[in-house]
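Data first, discussion second: the structure below is written as structure tokens.
The values are calculated or read from the model by the stated rules, or taken from the named source; none is laboratory data. All values reported here derive from a predicted model rather than from experimental measurement. All Cβ positions, even for glycine, are placed from backbone atoms using ideal geometry, and neighbour counts span all protein chains on display.
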Amino acid sequence: MKTLDRYIGVRFIQSFFLVIFILVSLFSFLEFVAQLDDIGKGNYQLLNVFAYIGLTIPRRVLDMVPMAALLGSIIALGMLADKGELIVMRASGLSVQRICFSVLATGALLMLATGILEEYVAPPMEQHARLSRSLAISDTGILLTKDGFWARQGNSFIHVGKTLSGGIATGLDVYEGDKEGGLRAFIHAREADIHNNKRWVLKDIQKKVIEEQRITTHNLPTMALESFLSTEQVNILELPPDSLSPSDLYKYNQALRQRGQNADTYVLALWQKLAVPLTTGAMVLLALPFVFGPPRGTTIGLRITVGAMVGIGFYLANQIIGYMGLLLELHPAVTTLAPVAAILWIALWRLRQAP
């Protein structure tokens, strides 16, 4: 039995990677064509385009995983059915439910890999890609690092961890120097409000002042940083909600709520990310009726075509329902998980009708 499980799982994974390669290649090419319009703006050149495309591949993979899981399952089982292998399996006593379990077991591993990719791999790579692109186009003279960006103001060097929508920055470090180039003070602020007049109001501050051989520490509630960066300049470095990891989105949601600001967009992005592994599993389950449900004689090409239409329709419907939920003030958990629940119900209902 383990041999059959491994055989079915390998066929599924092979078909999945084939589909994901085709989809990601197609959408990467479309993104490449779109980026060509920005070549020549600032310091943005062809090498920057290739770097941007390469760094955003994990995000495109995550966007395509549910559809690839659906099509990969249909292709793998459809080919087994066309070659008569499923008939042999069932004739040897293997039930439809047991074959489905083999596919779902492999799908569970895919769900786990999707969650890891969503949390640890795709967000930092996409953030670096977006910031690099923005800085190259705007040519602001800011130094970009993997942990934010650096800027100089007079004798001070300022490091900003992240910038968010709504004029918010988090994780600020200010190194104040003297005229001789020595370090006079170090300031760390948990976050800052950015105003239109290039005035930054730092909050939750710890300031360490260096005087001869003594370091004095001061804790301050607020502090103003004048003439630093305008909101327009910061918007260039602003990260959209879908580029953040689920853990970061949760932290920002909490911070925005504590400040009394609207966090609906970030809540929606959080639930959409949490739903990706669930959607992947639901799509794997939905693929099974395409193989066991249709009458004999249905070609694999027709199955793939119908599956692709279902996958595209689900993706579009999921996006529309999510943003309509924001307009109707529905909780994002409802608008995000309801389509997944509908897919699961349809898949289970169709499987019960399978011969």
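Assorted remarks:
- Some residue of region 264-276 being among the basic types (Lys, Arg) and at pLDDT 85 or above: yes
- Only one of Gly301, Gly313, Gly297 that is among the small types (Gly, Ala, Ser), at pLDDT below 85 and not in a helix (DSSP H, G or I): Gly297
- Qualifying residue in region 129-143 (condition: assigned to a strand (DSSP E or B) and either crowded, with 17+ Cβ neighbours inside 10 Å or aliphatic (A, V, I, L, M) (or both)): yes
For (1) without any contact (Cβ under 8 Å) to a residue 12 or more places away in the chain; (2) among the β-branched types (Val, Ile, Thr); (3) crowded, with 16+ Cβ neighbours inside 10 Å, each residue gets a yes or a no:
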site: Phe157; (1), (2), (3): no, no, yes
site: Val160; (1), (2), (3): no, yes, yes
site: Ala169; (1), (2), (3): no, no, yes
site: Ala185; (1), (2), (3): no, no, yes
site: Arg190; (1), (2), (3): no, no, no
site: Ile194; (1), (2), (3): no, yes, yes
site: Val201; (1), (2), (3): no, yes, no
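- Summed over region 15-51, the residues that are modelled with pLDDT of 95 or more and polar (S, T, N, Q) give a count of 2.
- Condition check for Gln233: under 22 Å from Ser134 (Cβ atoms) and surrounded by fewer than 19 Cβ atoms within 10 Å (Cβ to Cβ): yes
- Taken over region 187-218, the residue count meeting the criterion of being over 21 Å from Thr231 (Cα atoms) and aliphatic (A, V, I, L, M) is 5.
- Region 43-68, residues that are among the small types (Gly, Ala, Ser) and surrounded by 15 or more Cβ atoms within 10 Å (Cβ to Cβ): Ala51, Ala68
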